[in-house]
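Here the structure is laid out as structure tokens; the discussion comes afterwards.
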Amino acid sequence: MKLIECVPNISEGKNTDNINKIVSVLKNDPNIHLLDVDSGYDTNRTVITFIGEPDYVISAAYNLYVKALECINMRDHKGEHPRMGSVDVCPLIPVLNVTMQDCIKYSNVLAENISKELNIPIYMYEKSAKHESRENLASIRSGEYEGFYNKIILKDWIPDYGAAKMNEVFGVSAIGAREFLIAYNINLNTHDKKIATDIALDIREIGRLKRDKNNNILKDENGKNLRKKGKFKDCKAVGWYIDEYKQTQVSINLTNYKKTSIHKVFQEVRRLARIKGTRVTGSEIIGLSPKRALLDAGKHFLKKQNKSFGIPELDIIDIAIKSLGLNDLSRFEIKDKIIEFRLYKEKAYLNYKIKDFVDSVSRGTPTPGGGSVSSLAAALGASLSSMVSNLTINKKGFEEYNNYLDLKSSKCQDYMLDLLQLIDDDSNSYENIIKAVRLPKKNPKESVARNIMIEKATINATNIPLKILKVSTKVISCTYDICNHGNPNSISDIGVAAELLKTAGNGAYYNILINIKGIKDKKKIRHFKNKYDYYLKDLNNYYTKIINLVNKELSNG
């Protein structure tokens, strides 16, 4: 499956009827998944996020433009946020099995269709920009809607698609491919917009204009304005006052959060605010955020607190939410605000309660079955091993092992997440075999195609328990290391973890054997046998060592 994300920003945040009409285009489209609708009254702007396979996303985006043209008249629009069209900007972001080059191609297809069919001038920006001066959205948007009546006819600002003539009702729009952008606002306890603006100028990449002692703008020998660069790359920022909140904000777009992180920007704004006699009260993420951005922030603050990283992801994210003050203006719901959690299927076993999962296993259906149960057992083993490590860290007499055990605990957490995902993967792989078996076989051509699909599905279904066995072996290796350096008061928990991991490995092995019986490719069969022999040998070796240590420690008691 290929997935791209689309985040159109429409110039409407007050008229809920119009917002609902535009959003209904997406809600009624069965081929895309609407992730988020975030409206701002004072900014008079709504950020919409949806995801799907590329062709469906392009079609849905086009329909959204049609509806926005019908509902929004830019001649009447006023708002705090800079804007130039009814759909101000429409970025495409690669998510799964799609390259940036793919998104560039799709963005041009969308732009050409909209300009031809709807008579809307389109500028290509970010990675899709056809001119270096148009990479930055702020450069294109400069002058806003009102300024484009004169700007659009200038030689340097002829649209990339469409006529160099203003669409008075719609305005103009920017379309492009980009990396994931995090829209992030930091709240200040002041009504003074100038303070927020001053901080924004200090942190944003483009910085501020250089001035002399008389406040005159300095220019180079070619008459171009000189600038003092801001602190952060891939950071755009403005300061504004939001009447709805009765406070100012530093409004930030992080165009590459992997290089310029939320927590670094947050801390710098907090430092600058203190210098100016004010303080940060919290922050907010507009739209969605990748999970990694919150995990990076949580780990940063855990490190400052001298705490272990080897804790559940949700706990790390909770540290980030509290440290960044993301609940300051409204509750930050991770299931709604983090893109990975929004993409979980409603029926995924990951979302089940314990009794629901146990009940599901007990029913007269083939899934979830032994593979999923084996993966759950291994995940519990990883969880117990992490627990023992965390119970030892910072305990008197074990201080020298803090960093070592923190690393082992973090690895166990990562393995646990992999194993939880494999619970669903195992069930899904079996269901794909059933789908292949049900393919038509009315003629020789159909029979050949059906047999090929059955073989592929069976090989994939065998790979899943092999992964469970492999990860179980990695976990039991960590468990052994933790056993050697962990608190002996928790040795019984180490024993339970080892038993779970041994059971999980054997369960995965049984599932490999049953699936191999349906594979015709002898090379693949040999591959699976070589792999499971190797992993089982390792698993049993570590299991024996751990159980010997556990029994020795318990017998001494």
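Just so you know, all these numbers are worked out from the coordinates, no wet-lab data involved. The model shown is predicted, which means the values in this text are computed figures rather than measured ones. Neighbour counts run over all protein chains shown; Cβ positions are idealised from the backbone, glycine included.
Observations
- Largest-first principal axis extents, alpha carbons of the stretch 349-556, Å: 73, 36, 29
- Loop-located trypsin sites (Lys or Arg not before Pro) in the stretch 491-550 (DSSP state other than H, G, I, E, B) with a sparse environment of at most 11 neighbouring Cβ atoms within 10 Å: 517, 520.
- When each of the peptides 75-81, 335-341, 472-478, 221-227 is scored by the mean number of other C-beta atoms lying within 10 Å of its residues, the order from highest to lowest reads 472-478, 335-341, 75-81, 221-227.
- For the set 229/411; 291/502; 228/299; 213/236; 441/522, the pairs lying more than 29 angstrom apart at their alpha carbons are 229/411; 291/502; 228/299.
- Likely footprinting exposure, 39, 429, fewest C-beta neighbours within 10 Å first: 39, 429
- Subset of 303/337; 78/165; 435/523; 21/322 violating a 27 Å alpha-carbon distance limit: 21/322
- Rg of the Cα atoms in the stretch 12-90, relative to 2.2 N^0.38 Å, amounts to 1.06.
- Across all Cα pairs in the chain, the calculated P(r) in 20 Å bins from zero up to the longest distance comes to 18, 42, 31, 9, 0 percent per bin.
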